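Let me give you the structure first, and then I'll get to my questions.
The values are calculated or read from the model by the stated rules, or taken from the named source; none is laboratory data. Worth saying up front: this structure is predicted, and the values here are computed from it rather than measured. In this analysis, Cβ positions are derived from the backbone assuming ideal geometry, glycine residues included, and neighbour counts consider all displayed protein chains.
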Amino acid sequence: MVERLHQKTIGTWRRRVIVMVRDPVAGAVKTRLARGIGTARATSVYRHTSGNVIARLAADQRWDTGLAVTPDPSVNTTSWSHRIPRLTQGTGDLGRRMQRVFDTSPPGPVIIIGTDIPEIDPNHIAYAFAALGPSDVVFGPADDGGYWLIGLARNGRIPQLFHGVRWSSEHTLADTQANVADLRVTHLSVLDDVDDAEAFSRIGALGGRRILPVTDYRSN
């Protein structure tokens, strides 16, 4: 049985990275990519990318790394290390599920990422936590109008970030930012996500190998 994130860390102030993951079952992950490169290959890409991103971040002791797993019954999947704490994402669209993570996590700043960005490494996360010192919210913009990272300082009232967000569109980042217009916001560098065959042809090979850290991820 995997350790549950909130049972392990409740009441303890820590920086936390929560990786939103889906049980890598063929036909249930990377469906847009699968239309271009086939279901089996797309599932393999997801397994490699998610596994590499999780391993890269969980090895860093500057924060606690946990997995938010969907669908809920797959929380005990053996697809990832059993030593990484997990929680279920629950019901609702992506916004409701991410809001639940922010609302219910123990004290401390929280960063949420997905696994579609093979380039993510600990330096990105360290810079994001540093940005949450002077800022309330941090975004890692993606080149398609979405974002690969969102983080909250969680110093006081937790904002409702995702009302009316048009997911999987060029408006996703702008819609989310509109919900935090009264807060201090920092942007990280733009990274490319692997959502379709065109993106896979550009950077998909990164999903199959470990990526060494680089020294600077200043915002654009």
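Somewhere in region 29-43, is a residue at pLDDT 90 or above and of a type in the set (A, V, I, L, M)? It would help to see each step written out before you state the result.
Restricting attention to region 29-43, the residues satisfying the condition of being at pLDDT 90 or above are none.
Within region 29-43, none of the residues are at pLDDT 90 or above and of a type in the set (A, V, I, L, M).
Sticking with this structure for a sec: So, ARG56, is that one within 18 Å of LEU149 (Cα to Cα) and free of Cβ contacts under 8 Å to residues at least 24 places away in the same chain or not?
Here the answer is no, as ARG56 does not meet what is asked.
May I pose another question? Go through the residues of region 145-157 one by one and say whether even a single one is in contact with a strand residue (DSSP E or B) (Cβ under 7 Å, 6 or more places away or on another chain) and over 18 Å from ILE125 (Cβ atoms). Break it down stepwise before answering.
At the first step, the residues of region 145-157 found to be in contact with a strand residue (DSSP E or B) (Cβ under 7 Å, 6 or more places away or on another chain) are 147-152, 154.
Now drop any that are not over 18 Å from ILE125 (Cβ atoms), which leaves none.
No, the conditions are met nowhere in region 145-157.
Kindly indicate the residue of region 187-203 that is surrounded by 19 or more Cβ atoms within 10 Å (Cβ to Cβ) and touching a strand residue (DSSP E or B) at 6+ places or on another chain (Cβ under 8 Å) and also modelled with the highest pLDDT among those meeting that condition.
Among those residues, the one meeting the criterion is LEU188.
Starting from residues that are crowded, with 19+ Cβ neighbours inside 10 Å and of a type outside the set (Val, Ile, Thr), keep the ones in region 24-46 and report whichever is nearest to SER79 (Cα to Cα). Break it down into steps so the answer makes sense when it comes.
To start, the set of residues in region 24-46 that are crowded, with 19+ Cβ neighbours inside 10 Å comprises 24, 29-30, 33-34, 42-43, 45-46.
Among the residues that remain, those that are also of a type outside the set (Val, Ile, Thr) are: 24, 30, 33-34, 42, 46.
On the way: PRO24: 7, LYS30: 16, LEU33: 20, ALA34: 20, ALA42: 16, TYR46: 11 Å.
Ranking the qualifying residues of region 24-46, first place goes to PRO24.
Taking the conditions exactly as written (over 16 Å from the mean Cα position of the chain (by Cα) and farther than 18 Å from TRP148 by Cα), does SER81 satisfy them or not? Before the answer, list the steps.
Values: over 16 Å from the mean Cα position of the chain (by Cα): yes; farther than 18 Å from TRP148 by Cα: yes.
Judged against the criteria, SER81 is a match.
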